[in-house]
Structure formats: structure tokens, C-alpha cells
Amino acid sequence: MSRLENKVALITGGTSGIGAETARLFIEEGAQVVISGRSEEKGSKLAKELGENASYCLSDVTKEEDIKKAISFTTENLGKLDILFNNAGGPVGAGLENVTQKDIDYGVHLLLASVILGTRYAIGPMRENGGGCIINNSSIAGIRYRQGDPLYSALKAGVTHFTKMSGVELGKDNIRVNAISPGAIATPIFWGGSGVSNKLSAEENERKLKKLEGNLAQAVPLKRSGLASDIAEAALYLASDAGSFVSCQDIVVDGGRTAMFNENS
């Protein structure tokens, strides 16, 4: 399998969940992958597990300097940047009546500014390389009501729209920009994200995951839970030559969930 042979990819939020599964698949398909994230212990462990084509860069996408650092780390160590997966994210804020300025600031930095700045700093290396592929992790919360709280939903809608607008501007440089909007995917984000899952035993995380998969299966027409591997496969399609004529798009991977709801559901 070599759909990404000789490609170099940077995956933010790559230490667990969708990011880790995508890193694993990209390496299986021939890519060299830099995993970035805030958990040095998990990132280093995963990179070692994935072998010589994986490396880890400590990075917090809520900080502009760390975003620049991760891209510089990739180009300095691997010589180029072909693929950027702006995947890092997580829960932000609270319900509308309880949201604070602190929630808003954190959410904007984590979910939207990280995508904008990641794209901004990837342009130079990709342009020098003759092109590239940027994938932004959005959400069905950005296109349907009650798939997330208002702050999270608004920011994900911003990610999707930014994807389309930046894809138009960067097309002349042969840089394709697309989004993936996952539905309910069984990952630790449902019980507080990696910060919480890191404090639990492997057995407890596995127990929670299996229970979650059963619950999520009842919420989609396909009657199975979405998995991190489903999103990884979508990312592979977009990053590979199979997706070479796809840009400015939002690929919804939700098992049919959005078809079950209208805007007022």
C-alpha cells in the first residue's frame, strides 16, 4: 500500500483519537508523519509505536508560536510539507446562558485560529514544493442544529467556510484545501477529551468507548458507531492522488445522521 509514498504529513492533535488513527493509516500508505500535540508522553509513545516514519513535536495549537514551530520542525527534519491535517480540537465552553469571555477566547484559539494560522504557515513550504493538501477537521455541528453547543457549532461553521474561501485563494498555487465534517465519532472527546482520558486507566477508557459505540449506533441510519478510522480513510482520500481534483469541499462523514434532522430538529 503506497497511496502516500514519498509524502510528508503534519497532523495536529495527533496523539489520540482521529489524529492518531490518521497517522497510523498515513504511515501504512507510505507517508512520513509528524504528530503534534500537547501530551509529550502520549506523543512520544505513539511515534515510537508507529516506527521510523513517525516523529513527535510538542505543540499547543492555541499558541501561534507552537503552530509555526510544528511546521518548521516538519520541514527542517523531513525536507518538505505535502499534507497538513488541522485536526486538533476538543470541547469548548458551556451552554449559551453560561458561556464566558474566557470560553470564547479559548474556543476561538483552539478551533478556528489554529486552522487559520496552520494554513497561513503552511502556504510557504507548500508553494515551494509545487503544491500541497490541507485538511481541516470541522463538524456536522457547523451545519445542523443541536449537534453541539452554540459556541462550538459557530466555530466549526467558521472552519468550514474558511476552508472554502482559502481553497479558492490557494488554488493557483496547487494547494488543495478541504474539510471533513465528522458526525458522532467514538473518541475520548465525549468524556472530556485527552485531558480526562489521560487520567483514566486503559481499561476504563476502553469500557467507556465500548459503551459509547453502542449508544452512538442508535443515532444514525447505518446503526453503527462512527470510528476514528472512518475519518482517517476520508483524510487519506483527500490527501492522495485519488482526491487530486477535490478542493474547497466539506466531506460529511456521519453515517447519514444529518439526513435525519432538519434545521429545527
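Brief remarks on what is shown
- Picking from residues in the stretch 39-63 that are in contact with an Asp or Glu (Cβ under 8 Å, 6 or more places away or on another chain) and in a strand (DSSP E or B), the one that is surrounded by the most Cβ atoms within 10 Å (Cβ to Cβ) is Tyr56.
- Against the test of being within 13 Å of the chain's Cα centre (by Cα) and at positive phi, the options Gly30, Gly93, Gly17 yield a single qualifying residue, Gly17.
- Asp66 vs. criteria under 20 Å from Arg38 (Cα atoms), surrounded by fewer than 18 Cβ atoms within 10 Å (Cβ to Cβ) and not small (Gly, Ala, Ser): no
- Among the conditions (1) modelled with pLDDT under 95; (2) touching a helix residue (DSSP H, G or I) at 6+ places or on another chain (Cβ under 8 Å); (3) among the hydroxyl-bearing types (Ser, Thr, Tyr), Ser247 misses just one, which is (1).
- Test result for Asp173, touching a Leu at 6+ places or on another chain (Cβ under 9 Å), touching a residue at least 24 places away in the same chain (Cβ under 8 Å) and not hydroxyl-bearing (Ser, Thr, Tyr): no
- Listed by first and then second residue, the pairs linking a residue in the stretch 93-107 that is surrounded by 15 or more Cβ atoms within 10 Å (Cβ to Cβ) to a residue that is assigned to a helix (DSSP H, G or I) and of a type in the set (Asp, Glu), with Cβ atoms under 9 Å apart and 6 or more places separating them unless they lie on different chains, are Gly93/Asp103.
- Applying the set (1) in a helix (DSSP H, G or I); (2) aliphatic (A, V, I, L, M); (3) at pLDDT 95 or above to Val252 leaves exactly one unmet item: (1).
- Members of the stretch 244-261 that are buried (at least 20 other Cβ atoms within 10 Å of the Cβ) and closer than 15 Å to Ile135 by Cβ: Ser247, Val252
- Matching residues, the stretch 187-217, being part of a loop (DSSP other than H, G, I, E, B) and either modelled with pLDDT of 85 or more or at positive phi (or both): Gly192, Gly193
- Qualifying positions in the stretch 171-186 - at pLDDT 95 or above and assigned to a strand (DSSP E or B): Ile175, Arg176, Val177, Asn178, Ala179, Ile180, Ser181, Pro182
- Filtered residues of the stretch 221-237 (kept if more than 13 Å from the chain's Cα centre (by Cα) and under 27 Å from Met126 (Cα atoms)): Tyr237
The values are calculated or read from the model by the stated rules, or taken from the named source; none is laboratory data. Since the model is a prediction, treat every value here as computed from it, not as a measurement. We place every Cβ from the backbone using ideal geometry, glycine too, and count neighbours over all the protein chains shown.
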